[in-house]
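**Student:** I am attaching a structure below and will ask some questions about it afterwards.
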There are 2 protein chains.
Amino acid sequence: MSTPYSNKEVNGDKSSDVVWHEAAVSHEARVKLNGHKPAVLWFTGLSGSGKSTVANAVDYMLHQLGAKTYVLDGDNVRHGLNGDLGFSDAGRIENIRRIGEVSKLFVDAGLLVSSAFISPFNADRQMVRDLLAEGEFIEVFIDTPLAVCEQRDPKGLYQKARAGEIKNFTGIDSAYEAPVNPEVHVETADKSVEECAQQVVQYLKQQEYI
Amino acid sequence: MSTPYSNKEVNGDKSSDVVWHEAAVSHEARVKLNGHKPAVLWFTGLSGSGKSTVANAVDYMLHQLGAKTYVLDGDNVRHGLNGDLGFSDAGRIENIRRIGEVSKLFVDAGLLVSSAFISPFNADRQMVRDLLAEGEFIEVFIDTPLAVCEQRDPKGLYQKARAGEIKNFTGIDSAYEAPVNPEVHVETADKSVEECAQQVVQYLKQQEYI
């Protein structure tokens, strides 16, 4: 295989190292190979709102279209990268910060990455937005009424929060700050999962990400 | 676009959620789309050994072959994800743990990811190997004599370490534990960067990763 590096020596002078680093695969080259724009789709919403469900549906649709994608959610982050973090304010912020930094690496690699975490506070979501370049952070508000989430209660968490067994539970005794101006506002009431996901995919098409 | 989800409701019963999660994009589907096996190429070696240079060269070659790849190194990890960590023993272990966990996410996403960090201790490298499945961790020992690294000293770090301005510097006053049985042992002396990188790419071909 031909490369532009044939005469560079590992043990050569420092200038060859510099040339090497300049010649590494650029972000633009990764994007070109993948054939679509990268971004993080930042799904935010109450526990039980359908964030992870819709994120996985979007991911599935994008994958079917040939896009290079990934999903970050509690299943693959909580017990791995962020397994050392607790639920204090500091732990919560560090949790979101790391997910933001990892999302940024995936975007740098050229992927459309869907991150699905409650992320209830505007300041935390803004922190992640600020990590990324213009257009690389797409806030997706999964807007499901609290009553619906609580009735669904797939993990039994609302019941525990109401019983006082869980403290600082978003929507019960801790605030959820709804996004002020999200790129995509998905009102899930009376919509199928597919319709919710299609709304996100449609946004990506309209904005020419895919 | 047709999906198997048409009749699933966000606000439906719990069983539809279960079906949804089962229907998310599988690891196998991501691997199939990319057209090659994923793995982490874990480059280890002394400061100045050429880890990052060779890792970027390997990445370049794999990218030219159409593989989906990424590089994790000090440039994109130290000031981002691991910007909060110091150089204590605990900080060092946490540094490698997080890089290992992020590498695992990239492998799960189907990429060939090259991680280039000194990672001087067998126990830390073994920790990362243990995070991954059989065949997903490829240890690449960039074996450059200390004298060569110290003579090169691209960042002036050896000079500072010899002057006592940096403590616990690998190879000077802290041990480098050479890999016992690395998947690829690259002895860089008298080899060009391209030859070093080709050795790694050749391994991937022989083992049918690409």
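All of the numbers you see were taken from the coordinates with simple rules; none came from a lab. On a predicted model such as this, the values are computed, not experimentally measured, just so you know. Every residue, glycine as well, gets a Cβ built from its backbone with ideal geometry; the counts of neighbours run over all protein chains shown.
**Student:** What is the packing order of peptides A:87-99, B:79-91, B:63-75, taking the mean over residues of other C-beta atoms within 10 Å and listing the highest first?
**Tutor:** Order by mean packing, descending: B:63-75, A:87-99, B:79-91.
**Student:** Can you give the Kirkwood hydrodynamic radius of the protein assembly as shown from its Cα pairs, in Å with one decimal?
**Tutor:** 22.8
**Student:** Something else about it: Taking the Cα atoms of the stretch A:31-206, what is the range of coordinates along each of the three principal axes, in descending order and whole Å?
**Tutor:** Here the spans come out as 52, 37, 28 Å, largest first.
**Student:** Could I ask something else about it? When each pair of different Cα atoms in the stretch B:152-210 is counted once in the 1/r mean, what is the Kirkwood radius in angstroms, to one decimal?
**Tutor:** By the Kirkwood definition, the hydrodynamic radius is 14.2 Å.
**Student:** In addition: Identify all lysines with a Cα-Cα distance to residue A:160 below 25 Å; exclude those on the same chain that are fewer than 8 residues away in sequence.
**Tutor:** Straight-distance partners of residue A:160: A:51, B:14.
**Student:** Using helices alone, what [θ] at 222 nm do you get for chain A, with -39,500 (n - 2.57) per DSSP H run of 4 or more residues, divided over all residues and rounded to the nearest 500?
**Tutor:** The helix contribution divided over chain A gives -13000 deg cm²/dmol.
**Student:** Taking +1 at the Cβ of each Lys and Arg and -1 at the Cβ of each Asp and Glu, which of A:196, A:53, A:171 sits farthest along the dipole of the stretch A:31-206 towards its positive end, judged by Cα position relative to the Cα centre?
**Tutor:** A:53
**Student:** Too long at a 20 Å Cα-Cα cut-off: which of A:32/A:68; A:104/A:155; A:32/A:104; A:104/B:68?
**Tutor:** Over 20 Å Cα-Cα: A:104/A:155.
**Student:** Let me ask something else. At a Cα cut-off below 15 Å, give the aspartates and glutamates reachable from residue B:37, other chains included and same-chain residues fewer than 8 away excluded.
**Tutor:** Leaving aside aspartates and glutamates fewer than 8 places away in the same chain, those within reach of residue B:37 are B:28, B:59, B:108, B:134, B:136, B:208.
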